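This report concerns only the one structure given below.
No value in this document is a laboratory result; all are computed from the given coordinates. Keep in mind the model is a prediction, meaning the values are calculated, not measured. Ideal geometry is used to build each Cβ from the backbone, glycine not excepted, and the neighbour counts take in all protein chains shown.
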Amino acid sequence: MTITPVEHRQGSRVAASPLLWQPGALESAWAALRRVGGVATALALPFALLAAWSLAARYQLVAPQILPAPSVVGTTAIELIKSGQLQSELAVSLFRLAAGLVIGGASGLVVGLAMGVSQTVEDYLGPTVRAVWLVPSLGWLPFFMLIFGIGEALKIVLIAKACFLPMMVNSFDGVRNISPKHREVARALELGRLDTLRFVVVPSVLPHLLTGFRLSLSKGWQVLVLVEMIASAAGMGYLMTWGRKSFQLDIVLVTMVLIGVVGWLLDRAASVAQAHATAWVSRSSG
Amino acid sequence: MGARATASGSGRWRGIMLPLILITTWGIAGTIVTSKLFVPLGAVIAAFSESIQSGDLPGAVGATVLRAFLGWSVGSLLGFALGLLIGLSAWSHRIVAPTLHGMRQIALFAWIPLLSAWLGNGEAMKIALIALSAFFPVLLHVEAGCRDVPMPFREVGRLFAFDRFSEILFVILPTAAPTIISGLELAFAVAWIGTIGAEYLIGTGYMNASPDGIGAFFAGARENARMDLVVVSILSLGSIGFALDRAVVFLSRRAAAWHKHSR
């Protein structure tokens, strides 16, 4: 850290006053306090809502069928975990997501790379693929239902469809954005095809691929919930719709929270992995 | 998103090749294959003209577009107000933002069971879901736009001795306008999907109401196993969504045209 004139002046003033602690210690204590305060203020609103919710439930301002008390929701969550149902539904959902992600992501990767490398492929395929993928996943659902029925294939196909586009667009962009300068350096160094791939292509494409993967993951999770709500006999979305149909809103609330938390965790994991794998990007560009 | 314009004329010609081949194959296969799942090209065209003449499809499209715009306006207004609040006031940001970002993690359609228990299966529920879908993109963009106003701009405002209201009106909002407008564009794209989802999922099947709109048209076509109508729905869904998206982007570019010149 460079010392600017202002800081220097402040520093000398602090040194002149009879203070027992270092100015740095004060700052870090202040920062820690601010962090605690930040968490506390962030939790204030959820707690206020929770308090209002429990009061409303206790004095029966709303019917329990419409808004069960927080304690009921908590008990239901514990019961669902103890009986193992929540875990098994979640496992079913995650397996579908993984299968769809592998199929859709891999084909998106291949098509995107092919279109990025070859202008001819891009000319022939590009407009059609983009037009077809303009129709949202939801639009394909009835069509796929008639073709694949409402079995396991339907879910995986629809998730794969949702994962395809982000992966394709990003791998295409990755190849197209390889800097010509880097290619020229590779040519000047007379690198072989394999070495060019290893030292030029993969490092420039990788960040884009990881972005595509992350987007695919979050898109896939959204579509998974949707398709399980419409046509499924297992999984998070099913548990949720089932709770709604039997008017057990406590189950609905538990699954909603779980869907939010799992979605957040998946995105977090992907972005941490991305930061690890591409840490050199900010270093090299700086 | 939008299709990337190919540079050369031959590129455009090549782009038509694949659809032409597919349509020709479809047309030829229609004379050979006989399966309930396979719809010949002619049947789709017949179903298309039939549903236009009966007024079903235009009516559905009208209802959907109206609903999408209504939900989008409601959600955008709320998102704008809250985004302004958390973008401008550090205190309200600290209090409200974490909760909002937490709620954002819940997939849109996962709100349906809870909201439908509260709001029923009528129009209010559909509008609420569409508004919810438009809310978050607008919120995030307004917040970002307000926070990223460069310091010199604010200093100019202080130089003019603007009060808070004038500062927002003359300094912050004009600077944040491009970000806010792209937030509105994105929100419309999301709200379109939200509208189809709301129409498809609410007021059909076990939840009976009076369904209308493309989503309900779609659900009905599937329920009756009318593959020709399903294909008609997919095609109209895609093309109208695309046309609306282009129209919104065009209008917003017009609205923000001054911004390019002021730079």
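Below is a table of values for the structure above.
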read-out: Pairwise centroid distance, computed over Cα atoms, of segment A:207-286 with segment A:97-160, Å; value: 19
read-out: Estimated FRET transfer efficiency when R0 is 30 angstrom, pair B:Gln53-B:Asn224 (beta carbons, to 0.05); value: 0.95
read-out: Those aspartates and glutamates that a straight Cα-Cα span of less than 16 Å connects to A:Lys219, excepting residues fewer than 8 apart in one chain; value: A:Glu228, A:Asp267
read-out: Selected from A:Pro207, A:Pro46, A:Pro136 as most flexible by GNM, with chain A as the system and alpha-carbon contacts under 10 Å; value: A:Pro46
read-out: Scattering profile of chain B at q = 0.08, 0.11, 0.13 Å⁻¹ [log10 I(q)/I(0), Debye over alpha-carbon scatterers]; value: -0.46, -0.78, -0.97
read-out: Dimensionless Rg/Rh of the protein assembly as shown - Kirkwood Rh, Rg from C-alpha atoms; value: 1.00
read-out: Simple label model, 7 Å out from Cα along Cβ direction - B:Ser89 to A:Val132, nm; value: 5.1
read-out: D_trans [Stokes-Einstein, Kirkwood Rh over alpha-carbon pairs] for segment A:124-242, 10 °C, 1.306 mPa s, µm² s⁻¹; value: 96
read-out: Loop sites in segment A:162-265: GluC sites (Glu not before Pro), DSSP, at most 16 other Cβ within 10 Å; value: A:Glu190
read-out: From phi via Karplus (6.51, -1.76, 1.60), per-residue ³J(HN,Hα) for segment B:13-30 in Hz, x at Gly/Pro; value: 4, 5, x, 7, 3, 4, x, 4, 4, 4, 5, 4, 4, 4, x, 5, 4, x
read-out: Viscosity 0.890 mPa s, temperature 25 °C, Stokes-Einstein D of segment A:200-286 from Kirkwood C-alpha radius, µm²/s; value: 164
read-out: Highest-MSF residue in chain B out of B:Leu229, B:Leu159, B:Leu169 [GNM, Cα springs under 10 Å]; value: B:Leu159
read-out: Per-residue ³J(HN,Hα) for segment B:149-162, Karplus 6.51 cos²θ - 1.76 cosθ + 1.60, θ = phi - 60°, Hz, x for Gly and Pro; value: 5, x, 4, x, 4, 5, 5, 4, x, 5, 4, 7, 6, 5
read-out: Calculated from backbone phi, Karplus (6.51, -1.76, 1.60) coupling profile of segment A:145-150 in Hz, x at Gly/Pro; value: 4, 5, 7, 9, x, 10
read-out: Amide H within-cut-off set for B:Val39, under 5 Å, with H built and near neighbours excluded; value: none
read-out: Gain upon complete extension [A:Ala269, A:Gln65; 0.36 nm per residue less C-alpha separation]; value: 69.8 nm
read-out: Equivalent ellipsoid, segment B:58-146 (semi-axes from 5 times Cα gyration tensor eigenvalues, Å); value: 27, 16, 9
read-out: Convex hull volume per residue for chain A, taking Cα atoms only, in Å³; value: 237
read-out: Average projected area [Cα convex hull, segment A:56-120], square nanometres; value: 7.8
read-out: Chain B: angle of helix B:173-201 to the longest principal axis, Cα-based, in degrees nearest 10; value: 30
read-out: C-alpha long axis of helix B:227-255 to longest principal axis of chain B, angle in °; value: 30
read-out: B:Ile21/A:Ala153 FRET efficiency (R0 41 Å; Cβ-Cβ; nearest 0.05); value: 0.95
read-out: Under 5 Å, built H, 5+ apart or other chain: amide partners of B:Ile106; value: none
